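The structure under discussion appears below in the form of structure tokens.
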Amino acid sequence: MSPLLLEGLTDAAGFVLGGLVGFGVARLLGFDLFEPGYGNGSMFAILAVGLGAGGGRALARRWRLRRQAERQSKS
């Protein structure tokens with residue numbers, strides 16, 4: 001598989017899964033992302049989704065780089 005395609009797929013998967021985790025955390029804490037207007041609850045939920053997405057992408061990238069380093073050290 002092309003290294004650039006692999007990088008894009010892992011970044012996208014980490015971003016989406018992280019966003020879903022952020023959404024779930026916001027819902028568990030009682031904040032609704034889709035409430036009307038931009039109240040405090042909605043803003044917190046938006047922040048949680050954004051932080052989750054960014055964190056998920058960062059973790060996916062770290063995981064991918066660690067796997068690449070392990071493969072290079074074996075060969």
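When each of G37, G8, G55 is tested for being part of a helix (DSSP H, G or I) and surrounded by fewer than 16 Cβ atoms within 10 Å (Cβ to Cβ), the lone residue that passes is G8. For the residues F15, F23, F44, the requirement of being surrounded by 13 or more Cβ atoms within 10 Å (Cβ to Cβ), at pLDDT 95 or above, in a helix (DSSP H, G or I) and out of contact with any Gly (no Cβ under 9 Å at 6 or more places or on another chain) singles out F44. Within region 1-39, restricting attention to residues that are within 28 Å of R67 (Cα to Cα) and among the acidic types (D, E), the residue that is farthest from the chain's Cα centre (by Cα) is E7.
The values are calculated or read from the model by the stated rules, or taken from the named source; none is laboratory data. In this text the structure is predicted, and so the values were computed from the model without any measurement. Positions of Cβ are generated from backbone atoms using ideal geometry, with glycine treated the same way; all protein chains shown enter the neighbour counts.
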